[in-house]
There are 2 protein chains.
Amino acid sequence: MSVLGALFLMCALSPLILRADEGMWTFNNFPSQKVEAKYGFGPSQTWLDHVRESSLRIAAGCSASFISPHGLVMTNHHCVLECVQELSSARENLVEKGFSAETEAEERKCPVFELDQLMQIRDVTSEVQQAMAGKTGNAANTALHAKEAELQQSCGSDPSTRCDVVSLYEGGVYNLYQYKRYTDVRLVFAPEMSVAQFGGDPDNFNFPRFDFDIGLVRAYENGHAASSPDYLKWSANGSKDGELVFVSGNPGGTSRQLTTSQLAFERDTVLPSVTPAFAEYRGLLERFVTESPERAREADEELFFIENDYKVEFGREQALVDPEFFGVKIREENELRQKAALDSKLVADKSAWDDIAHVQGERSHLFPQREATLFFRFSELLGYATTLVRAATERSKPNSERLPEYTDQALVRIQQQISAPIPVYKDLEELKLSWMFSCVRRDLGADDPFVRKMLGKESPEQLAQRLVSGTHLDDVKVREDLYKGGQAAIAASSDPLIQFIVSIDPDLRVAHKEYEDRVDAPTRAASERIAKARFAVYGTSVDPDATFTLRLSYGTVKGFPNAQGQFVQPYTTIGGLFDRATGAPPYELPQSWLSAKPALDLTTPMNVSTTNDIIGGNSGSPLINKNAEIVGLIFDGNIFSLGGDYGYDAKQNRAIAVDSRALLEGLGKVYHLNRIVDEIEAARR
Amino acid sequence: MSVLGALFLMCALSPLILRADEGMWTFNNFPSQKVEAKYGFGPSQTWLDHVRESSLRIAAGCSASFISPHGLVMTNHHCVLECVQELSSARENLVEKGFSAETEAEERKCPVFELDQLMQIRDVTSEVQQAMAGKTGNAANTALHAKEAELQQSCGSDPSTRCDVVSLYEGGVYNLYQYKRYTDVRLVFAPEMSVAQFGGDPDNFNFPRFDFDIGLVRAYENGHAASSPDYLKWSANGSKDGELVFVSGNPGGTSRQLTTSQLAFERDTVLPSVTPAFAEYRGLLERFVTESPERAREADEELFFIENDYKVEFGREQALVDPEFFGVKIREENELRQKAALDSKLVADKSAWDDIAHVQGERSHLFPQREATLFFRFSELLGYATTLVRAATERSKPNSERLPEYTDQALVRIQQQISAPIPVYKDLEELKLSWMFSCVRRDLGADDPFVRKMLGKESPEQLAQRLVSGTHLDDVKVREDLYKGGQAAIAASSDPLIQFIVSIDPDLRVAHKEYEDRVDAPTRAASERIAKARFAVYGTSVDPDATFTLRLSYGTVKGFPNAQGQFVQPYTTIGGLFDRATGAPPYELPQSWLSAKPALDLTTPMNVSTTNDIIGGNSGSPLINKNAEIVGLIFDGNIFSLGGDYGYDAKQNRAIAVDSRALLEGLGKVYHLNRIVDEIEAARR
């Protein structure tokens, strides 16, 4: 499921503070007493610390956990898919065929993979807010970036430490998160894509579901399997209907505390523009993969992710156009505004909502250029060129004055990316650039000065062709030399892609800064005041919007009524997987499963639905019981979860996991991964 | 340009009845007195009759006019593009290279082309309404279809007569339109696509514009050029800024009189679903045309139209999500409801708006299946199969009991289509079917019974491949035999596409009927009551929504303020065309224009903007002065015209035409079409 994503729902919400089992709670503010009162069990500090240190974030956009003391890590297949793709070649298609390391020596290093283990959280709200006090626009942004860089730097400077300043409650709280960072991560196991993503796009975000969406990697330190004293044990019996379960993971982002004017901007401007752009890109890729088996191999991963992202964006749009849903958001906002108005200390904050509404006007002018260039992220080559050009400039500045993506700490990851031996497919890159340049022209218009500068007298197709065929940025050595050579090397480069970025980057920087100063800064200032009002009225009994940082959610194993009003049971079975297989993609089982069928217990639970409040980024999160034992592996949400970006609906929103029993049955009887099964079993004792 | 289309705008409307120069007026209710009062000239009945009989409808979705007494017809290049495409082959790409018939003998018959000349309008409101009186649902639909078939039949039965019952004011008025029908239509002239559609998708619906979007055909009768005593003469001097001008043509459809609940359904359900589906199709085609020059030739026309349709749908969505725009629609509706409530005769009609709102609930359940199968229309082969299967069944019934598309009169066109030697590109068809089947599965879900029946155990790609590779419906003889053979031939056919349609057609018919009975019938009944209220309050001083029938609009040559607030002048020049040419598509001029440049008067007006209220379907309409002389050729609207589907904005909505002076300059000095220029000049005298 979604690694970027975000969600929605069809039904009206009960008021904010009454919602059951809602919340993506930070580990330093988990409502243990509330959970205890309802379920007879509340996590202790020891429990929380253990689960926190067993949990991992995959920096590229997923969640994971240690499942043995020897650095073995469980996550989803789709969370290791990029690694599997990068380790594949025209000769060896690991995406299609899967991968198992028979011995530790066979475990293969992922070119770019960062695991973050959250070790400490420190409140830095007053420091950050003081640094920005009295400042607006550009001055506020400069002060914020400098303070963040300073806090990061003071927190740890060796490559195995990562520190992030995390803004919670839209700037109401700032925390400094300190992570242990693993960058030597090796692939242990990935099943065939056809069973990992069984049902493909049609079944994505639907339930009943039958996916074996697991991937295993191992963290290494100094060339050896990392020691991971905190890890999650496997449950002996799995879960049962109604049981209390927790999800520990990193939800990517939610928008539940946005004002209605911000939501309207999403609904009327952002989503109607992004959704068809994704649909067009999907169409281009759908055709590309039919052109040859090799092109299918090159682009199947990209197609998989864009299908997912498209579904997420479409779902978000559907949530916001529902007048009943939007009506709830309006009522909630009015309620908070009225209550805040009664508090004499908050008088100055009454206009914060209007301030944000006012900013949406600015935003509508600046959005097209910002959005257009956001599409640039889809290209590997354009990414390299942008990184190299910007890194050269930024590294010549003091750490505190750089763009946040180029601080000393961030350079660790950048250097890993520059040096990673990732295959670049020039035919696919040309498709991407062609599409992106067309999107930019469409969004800004053929007569826009930036578009004229970007295209010159070429068509999008001609420009893409010239840049891609002429560049050598697909060569690691070329990239490394340009990185080492800094500004002089960039200025001397005759690479057309470097020259292209050198030419347009000043414009991109101006546009970015303008957006930061005229949209981000005033929004943050007003949001802080709303956060203050919210704290005054509701306290911190409300969880902050998700920020791709570690959160804990609680809930129960539970089915749900579907759109036709029928009740869907919470468990599917391995037998159901075989029943659903038609033999045609995406309902085609690999030979491994067909051969193993006689040996399998077909009544084993396959996938399971729970009420946990999760969102994109939670992919790969462990589903655990009150003993902190693994009972499943989160990989998806149902269709009603797609509104979760804006609000949680306890009646129908469900998280979807692979059942721990199916995982063991598959690893053992289909893949005969005895080494790994033994490691899991040994760790359980 | 749009041939399907419909539109939107960004600004608030003044109330309905105060709008200036708005209206797509029927020829039997043109507000001559109002025009006379404002401009000092009002069309007389003679003027109206002459213009009506000079005007033509292209049945496939465009407008045109006679411009000589010998059947010479002027329309847009994009209105003859399908014919040009059908006359092309891998050896001879007429779309790219253009076509000129040096002699009448060289004029080439378009495989399928129907021109309709409106000869008479008769009011049949009471007959139709009496037939349906007291009936609801299925009974009302049956009565309506039977009455329509009866009226058609009584009006004329020879193939050169076409009669349509036209529902105006959403069922408030029924008129019987009698046309003279020409089906032998031959291509005289088409320029190169690159200059006809100069600026391509980026410039489409934008102004300043520089297109030579003209196509010439000739109507034939009994193998000879048709005699056309009513035709439009060329103006000697062209138009000037501020001059009164008229557009006589066939606007395809508007939705200005829909209730706000219907508009909300468009905004929240229809458009967010159609727009990305079109975007995906566009992406597929964009890639397809890169695969080989021959594939580019096969699909460039299809890509051109889907780019246009996408832009129109996107524009409609943008109009409806604008809260200010939607607010005006709400206020207008409330005003009418309040005024109607004061009229004691209308008491029973007060609930009509609520009835329509109620129907939207039904509609939301039935819409997905209806929409899904609407995509089927994109495939030639699927069209043939559906027509053959249905025609076999329908022809066995009495005329009055058939589906309206299969009455005796409609069979004339069906037979022409079946027998037309149109090339079918199987690789393109496979792409289309694959996309359509995926759309259907996406809209209805993988577990929907219809989807399961449609796909069986195949994937959309597999099914498309099997049907397309196995069918022989690309062979005229096969189609003709199946048509002649009727039900027995269909039952005996082993053609996979025929068998496929035989299998799913019963389901499609049920879905269609359900939609007609549960959505169309109650909507029509309530709309009639609203129309009655509207007549009572406003009289017929309001024009009916467009229905792809002949309308006359009046306005003036006029520029407009663009989105940046700058005033755009109403004329561009031929010199501007050369200035805008970069040499890269879509800004690449053909050699004919580059060579002719020294001979051209570069100050000649190229394109012109006017305030005429038009919409998709008006493409190819003549722009005429008060002497009924041609001063331009409508081919597009500006970006603000894209909201015109829902309301007319006098401040910014503009129609765009090729200036008559540029037409003559180009025909003479670029294409040396002396034969035709002489015919035009002779006709002028």
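The values are calculated or read from the model by the stated rules, or taken from the named source; none is laboratory data. If you're wondering where the values come from, they're calculated on a predicted model, not measured in any experiment. Using ideal geometry, Cβ is built from the backbone for each residue, glycine included, and neighbour counts are taken over all protein chains shown. We work out accessible area using only protein heavy atoms, side chains counted, and drop any ligands, DNA or RNA first. Shrake-Rupley method; radii C 1.70, N 1.55, O 1.52, S 1.80 Å.
Quick one: B:K135 ticks every box in (1) assigned to a loop (DSSP other than H, G, I, E, B); (2) under 26 Å from B:T254 (Cβ atoms); (3) more than 14 Å from chain A (Cβ to nearest Cβ) bar one, so which box is it?
The number of the failed condition is (2).
Of B:T556, B:T547, which residue is open to solvent by 20 Å² or more (accessible area, probe 1.4 Å) and either touching a residue at least 60 places away in the same chain (Cβ under 8 Å) or within 18 Å of B:N204 (Cα to Cα) (or both)?
Numbers: B:T556 fails: open to solvent by 20 Å² or more (accessible area, probe 1.4 Å).
On inspection, the qualifying residue turns out to be B:T547.
Does B:L577 qualify as being on the phi < 0 side of the Ramachandran plot and not in a helix (DSSP H, G or I)? Step through it out loud before you land on a result.
Working: on the phi < 0 side of the Ramachandran plot: yes; not in a helix (DSSP H, G or I): no.
It is false that B:L577 is on the phi < 0 side of the Ramachandran plot and not in a helix (DSSP H, G or I).
Need the failing condition index for A:C439 against (1) within 14 Å of chain B (Cβ to nearest Cβ); (2) open to solvent by 60 Å² or more (accessible area, probe 1.4 Å), just the number.
Failing condition for A:C439: (2).
Just to confirm my filter: which strands (runs of 3 or more DSSP E) fall fully inside region B:1-119 and include at least 1 residues that are of a type in the set (F, W, Y) and modelled with pLDDT of 95 or more? Even if it seems obvious, please write down each step before you answer.
Values: elements: B:55-58, B:62-66, B:72-75.
Fully inside region B:1-119 and qualifying: B:62-66.
Which of the numbered conditions does B:S434 fail, given that it passes all the others? Conditions: (1) among the polar types (S, T, N, Q); (2) within 14 Å of another protein chain (Cβ to nearest Cβ); (3) more than 16 Å from B:R377 (Cα to Cα).
Answer for B:S434: the failing condition is (3).
Would you check if there is a residue in region A:519-530 being open to solvent by 10 Å² or more (accessible area, probe 1.4 Å) and not in a helix (DSSP H, G or I)?
No.
How about region A:466-508: which of its residues are among the polar types (S, T, N, Q), surrounded by fewer than 16 Cβ atoms within 10 Å (Cβ to Cβ) and in a helix (DSSP H, G or I)? Show your work before the answer.
Taking region A:466-508 and keeping what is among the polar types (S, T, N, Q), we get A:469, A:471, A:487, A:493-494, A:499, A:503.
Subsequent filtering for residues that are surrounded by fewer than 16 Cβ atoms within 10 Å (Cβ to Cβ) retains A:469, A:487, A:494, A:503.
Answer for region A:466-508, where residues must be among the polar types (S, T, N, Q), surrounded by fewer than 16 Cβ atoms within 10 Å (Cβ to Cβ) and in a helix (DSSP H, G or I): A:S469, A:Q487, A:S503.
So, B:T582, is that one of a type in the set (S, T, N, Q) and either more than 14 Å from every other protein chain (Cβ to nearest Cβ) or under 19 Å from the mean Cα position of the chain (by Cα) (or both) or not?
Values: of a type in the set (S, T, N, Q): yes; either more than 14 Å from every other protein chain (Cβ to nearest Cβ) or under 19 Å from the mean Cα position of the chain (by Cα) (or both): no.
No: the conditions fail for B:T582.
Kindly provide the set of residues from region A:274-300 that are at the interface with chain B (Cβ under 9 Å from one of its Cβ atoms) and either without any contact (Cβ under 8 Å) to a residue 60 or more places away in the chain or surrounded by fewer than 21 Cβ atoms within 10 Å (Cβ to Cβ) (or both), ordered by number. Break it down stepwise before answering.
Going residue by residue through region A:274-300, those that are at the interface with chain B (Cβ under 9 Å from one of its Cβ atoms) are A:275-288, A:290-291.
Passing the criteria: A:T275, A:P276, A:F278, A:A279, A:R282, A:G283, A:E286, A:R287, A:T290, A:E291.
Being open to solvent by less than 20 Å² (accessible area, probe 1.4 Å), out of contact with any Gly (no Cβ under 7 Å at 6 or more places or on another chain) and not small (G, A, S) is the filter; apply it to region A:190-206 and report the residue that is nearest to the other protein chains (Cβ to nearest Cβ).
Within region A:190-206, the match that is nearest to the other protein chains (Cβ to nearest Cβ) is A:D203.
Please go through region A:301-324 and give me each residue that is over 25 Å from the mean Cα position of the chain (by Cα) and surrounded by 15 or more Cβ atoms within 10 Å (Cβ to Cβ), ordered by number. Full working, then the answer.
First, the residues of region A:301-324 that are over 25 Å from the mean Cα position of the chain (by Cα): A:322-324.
Residue satisfying the conditions is A:D322 alone.
Any idea which residue in region A:158-174 is most open to solvent (accessible area, probe 1.4 Å), counting only those that are out of contact with any strand residue (DSSP E or B) (no Cβ under 8 Å at 6 or more places or on another chain) and in contact (Cβ under 8 Å) with a residue 40 or more places away in the chain? Please lay out each step first, then the result.
Start the filter on region A:158-174 by keeping residues that are out of contact with any strand residue (DSSP E or B) (no Cβ under 8 Å at 6 or more places or on another chain), which leaves A:158, A:169-172.
Those still in the list that are in contact (Cβ under 8 Å) with a residue 40 or more places away in the chain too: A:169-172.
Working: A:Y169: 15, A:E170: 55, A:G171: 0, A:G172: 15 Å².
Selected residue: A:E170.
Can you tell me which residue within region B:580-609, out of those that are β-branched (V, I, T) and either without any contact (Cβ under 8 Å) to a residue 40 or more places away in the chain or in a strand (DSSP E or B) (or both), is least open to solvent (accessible area, probe 1.4 Å)?
Residues of region B:580-609 that are β-branched (V, I, T), as a first pass: B:582, B:603-604, B:608.
In the following step, the residues that additionally are either without any contact (Cβ under 8 Å) to a residue 40 or more places away in the chain or in a strand (DSSP E or B) (or both) were identified as B:582, B:603, B:608.
Values: B:T582: 49, B:T603: 102, B:V608: 0 Å².
Filtering first and then ranking leaves B:V608.
May I ask you to verify whether B:D268 is buried (at least 19 other Cβ atoms within 10 Å of the Cβ), within 14 Å of chain A (Cβ to nearest Cβ) and either in a strand (DSSP E or B) or modelled with pLDDT under 95 (or both)? It would help to see each step written out before you state the result.
On the way: buried (at least 19 other Cβ atoms within 10 Å of the Cβ): yes; within 14 Å of chain A (Cβ to nearest Cβ): yes; either in a strand (DSSP E or B) or modelled with pLDDT under 95 (or both): yes.
So B:D268 passes the test.
Considering every residue within region A:646-663, establish whether at least one is open to solvent by 10 Å² or more (accessible area, probe 1.4 Å) and under 23 Å from A:A236 (Cβ atoms).
yes
Does region B:175-183 contain any residue that is under 25 Å from B:S88 (Cα atoms), open to solvent by less than 10 Å² (accessible area, probe 1.4 Å) and touching a residue at least 24 places away in the same chain (Cβ under 8 Å)?
Narrowing region B:175-183 to residues under 25 Å from B:S88 (Cα atoms): B:182-183.
Checking the rest, the ones that are also open to solvent by less than 10 Å² (accessible area, probe 1.4 Å) come to B:182.
Subset that is touching a residue at least 24 places away in the same chain (Cβ under 8 Å): B:182.
Yes; the residues of region B:175-183 include at least one that is under 25 Å from B:S88 (Cα atoms), open to solvent by less than 10 Å² (accessible area, probe 1.4 Å) and touching a residue at least 24 places away in the same chain (Cβ under 8 Å).
Residues in region B:664-685 that are in a loop (DSSP other than H, G, I, E, B) and open to solvent by 40 Å² or more (accessible area, probe 1.4 Å): how many? Spell out how you get there, then give the answer.
We begin by selecting, within region B:664-685, every residue in a loop (DSSP other than H, G, I, E, B); these are B:671-673, B:685.
Then keep just the ones that are open to solvent by 40 Å² or more (accessible area, probe 1.4 Å); that gives B:672, B:685.
Result for region B:664-685: 2.
Provide a single number: the residues in region A:104-146 that are over 21 Å from A:T26 (Cβ atoms), of a type in the set (D, E, K, R) and open to solvent by 30 Å² or more (accessible area, probe 1.4 Å).
5
Considering only residues that are within 14 Å of another protein chain (Cβ to nearest Cβ) and in contact with a Ser or Thr (Cβ under 6 Å, 6 or more places away or on another chain), look in region A:325-363 and name the one that is most open to solvent (accessible area, probe 1.4 Å). If you could, list the steps in order and put the result at the bottom.
Step one: list which residues in region A:325-363 are within 14 Å of another protein chain (Cβ to nearest Cβ), which gives A:325-327, A:330, A:357, A:360-361.
In the following step, the residues that additionally are in contact with a Ser or Thr (Cβ under 6 Å, 6 or more places away or on another chain) were identified as A:330, A:357, A:360.
Details: A:I330: 71, A:A357: 46, A:Q360: 18 Å².
It comes out as A:I330.
Would you mention how many residues in region A:667-682 are in contact (Cβ under 8 Å) with a residue 24 or more places away in the chain and farther than 16 Å from A:A190 by Cα? Don't jump to the end; show me each part of the working.
Step one: filter region A:667-682 for residues in contact (Cβ under 8 Å) with a residue 24 or more places away in the chain, giving A:667, A:669-671, A:673, A:675-676, A:679-682.
Narrowing further to those that are farther than 16 Å from A:A190 by Cα: A:679-682.
Of the residues in that region, 4 qualify.
Considering each of B:R413, B:R390, B:R370, B:R377 in turn, give the residue that is buried (at least 20 other Cβ atoms within 10 Å of the Cβ), charged (D, E, K, R) and assigned to a helix (DSSP H, G or I). Even if it seems obvious, please write down each step before you answer.
Working: B:R413 fails: buried (at least 20 other Cβ atoms within 10 Å of the Cβ); B:R370 fails: buried (at least 20 other Cβ atoms within 10 Å of the Cβ); B:R377 fails: buried (at least 20 other Cβ atoms within 10 Å of the Cβ).
None of the others qualify; the one that does is B:R390.
Run B:Y310 past the list (1) within 30 Å of A:E430 (Cα to Cα); (2) away from chain A (no Cβ under 14 Å) and report the number of the one that doesn't hold.
Of (1) within 30 Å of A:E430 (Cα to Cα); (2) away from chain A (no Cβ under 14 Å), only one is false for B:Y310: (2).
In region B:234-265, which residues are more than 19 Å from the chain's Cα centre (by Cα) and either of a type in the set (D, E, K, R) or within 14 Å of chain A (Cβ to nearest Cβ) (or both)?
B:K240, B:D241, B:E243, B:T260, B:S261, B:L263, B:A264, B:F265
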